[in-house]
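Since the structure comes first, as structure tokens, the remarks are kept for the end.
The values are calculated or read from the model by the stated rules, or taken from the named source; none is laboratory data. Here the structure is a predicted model, which is why all the values come from computation and not from measurement. Cβ placement follows ideal geometry from the backbone for every residue including glycine, while neighbour counts extend to all protein chains displayed. With ligands, DNA and RNA removed, areas are computed over all heavy atoms of the protein, side chains included. Shrake-Rupley method; radii C 1.70, N 1.55, O 1.52, S 1.80 Å.
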Amino acid sequence: MKATPSPLTASRPQANATRGWINGLIGVLIFSGSLPATRVAVQELDPTFLTVARASIAGLLALCLLLASGERRPTRQQLLPLVVVALGVVLGFPLLTALALQYVTSAHSIVFLGLLPLATALFGVVRGGERPPAAFWAFSVLGSLLVVGFALSQGLTASPRGDLLMLLAIVVCGLGYAEGARLSRTLGGWQVICWALVLSLPVMLLLTVALLPPTLATLSAPAWASLAYVSLFSMLIGFVFWYRGLAQGGIAAVGQLQLLQPFFGLALAAGLLHERVSPAMLGVTLAVILCVAGARRFAR
């Protein structure tokens, strides 16, 4: 006779998924400040220098964490996925968004983040072996279409270069998210981002020294604060929660929380940068929140 699972045993996957959504939400809240902070920083710093400097600062902190905790080194099989993570989220996404923000406002670029959940879910299927049901995909695609439709209504031809850079950033970031989440199941959430940063550190330090401006004394306090934020929170702390959430709750499912990132980011852009947030932006954001709720309801 087949044994019936106890209520305690049956509730464990659900509890783990709930923790995943909580960790994922914390990660999204932290990431929401990335583009506004980057927008402030690139007003006074070269985008390429900003990219390598933030990775160097975060990489040095990550190295200290790994040494202090005595973490074991990644296996040979884990090195290639770590390189993919590093290329996607340590180098690719920060550099491409920093370049894009020379041509578009942070409010405009944040709209493209609505494509991240779909990109992450697709890579979750390809790399993570996940198989969400059809209803999940319906809500995911609808949320992404709402964001893309809004971007089209604003006129993407205003800055095709900036928009193309943002689209490329979304692709490499989605791959980095999915690969890091898959690796987190065996290596650990914070260990993945720390090892990816450490692997990138030698190159990033050399580039930071090579691209160092003649003087940093003229940087304003907001520029210094933005550099600190993208280095400490966007590059390190946010990923600790994000990768843990993706590993616990599922790459495709928890990845839908990224649809909320435009809402938080637009609020920051309006409050800190005094950029205009139109009623249409708010309407689209509320609609995608409903899509997140729908995806959460049907995620497996």
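By how many nm would the segment from residue 215 to residue 16 lengthen if fully extended, with 0.36 nm per residue of separation less the alpha-carbon distance? Don't skip to the answer; put the middle values down first.
On the way: separation 199, 0.36 × 199 = 71.64 nm, distance 4.89 nm.
Result for the pair: 66.8 nm of gain on full extension.
I'd like to know which of 123, 284, 201 lies farthest towards the positive end of the charge dipole of the chain, counting +1 on Cβ of Lys and Arg and -1 on Cβ of Asp and Glu.
123
Quick one: if the Förster radius is 25 Å, what FRET efficiency do residue 73 and residue 232 give, using the C-beta to C-beta distance and rounding to 0.05? Intermediate results must be reported in sequence, preceding the final value.
Working: r = 24 Å, r/R0 = 0.97.
Step by step, r from the Cβ atoms, then E = 0.55.
Residue by residue through segment 32-43, which ³J(HN,Hα) values in whole Hz follow from phi under the Karplus form 6.51 cos²θ - 1.76 cosθ + 1.60 (θ = phi - 60°), with glycine and proline marked x?
For segment 32-43, the Karplus curve yields 4, x, 5, 5, x, 5, 5, 4, 5, 5, 6, 5 Hz.
Per residue of segment 17-31, what does 6.51 cos²θ - 1.76 cosθ + 1.60 with θ = phi - 60° give for ³J(HN,Hα)? Whole Hz please, x for Gly and Pro, Karplus curve as stated.
Once rounded to whole Hz, the list reads 5, 4, 4, x, 5, 5, 4, x, 5, 4, x, 5, 4, 5, 5.
From the helices alone, meaning DSSP H stretches of at least four residues, give me the mean residue ellipticity at 222 nm for the chain, per-run term -39500 (n - 2.57), in deg cm²/dmol to the nearest 500. Kindly include the intermediate steps, with their values, before the conclusion.
Working: 15 runs with 224 residues, N = 300.
Per the formula, -24500 deg cm²/dmol.
For segment 213-269, report the accessible area per residue in Å² (1.4 Å probe, heavy atoms, rounded to an integer).
33 Å²
Kindly write out, for segment 247-258 in residue order, the coupling ³J(HN,Hα) from the Karplus curve 6.51 cos²θ - 1.76 cosθ + 1.60 (θ = phi - 60°), rounded to whole Hz, with x marking Gly and Pro.
5, 7, x, x, 4, 5, 5, 5, x, 5, 4, 5
Could you give P(r) for segment 29-171, binned at 5 Å from zero, as whole percent values over all Cα-Cα pairs?
Bins of 5 Å from zero give 2, 8, 15, 19, 17, 15, 12, 7, 4, 1, 0 percent of pairs.
Based on the Cβ-Cβ distance from residue 203 to residue 135, what FRET efficiency comes out when R0 is 41 Å, to the nearest 0.05? Walk me through the intermediate numbers first.
Details: r = 44 Å, r/R0 = 1.06.
It comes out at approximately 0.40.
Cβ neighbours within 10 Å, averaged per peptide: list 176-189, 67-80, 281-294 in order, most packed at the top.
Per-residue Cβ counts within 10 Å, averaged per peptide and sorted highest first, yield 176-189, 281-294, 67-80.
If you add up the charges near residue 81, with Lys and Arg at +1 and Asp and Glu at -1, over every other residue whose beta carbon is less than 15 angstrom from its beta carbon, what do you get?
Working: positive: 73, 76, 127, 182, 185; negative: 179.
It works out to a net charge of +4.
Taking the chain on its own, what percent of its Cα-Cα pair distances exceed 25 Å?
47 percent
Before I look further, what does segment 137-208 give for accessible area per residue, probe 1.4 Å, in whole square angstrom? List each step's numbers first, then the result.
Working: 3020 Å² over 72 residues.
That works out to 42 Å² for each residue.
Just name one of 42, 153, 257: the one whose Cα is farthest towards the positive end of the charge dipole of the chain (beta-carbon charges, Lys/Arg +1, Asp/Glu -1).
257
If the chain between residue 145 and residue 63 were fully stretched, how many nm would it gain, using 0.36 nm times the residue separation less the Cα-Cα distance?
Numbers: separation 82, 0.36 × 82 = 29.52 nm, distance 4.02 nm.
Gain on stretching residue 145 to residue 63: 25.5 nm.
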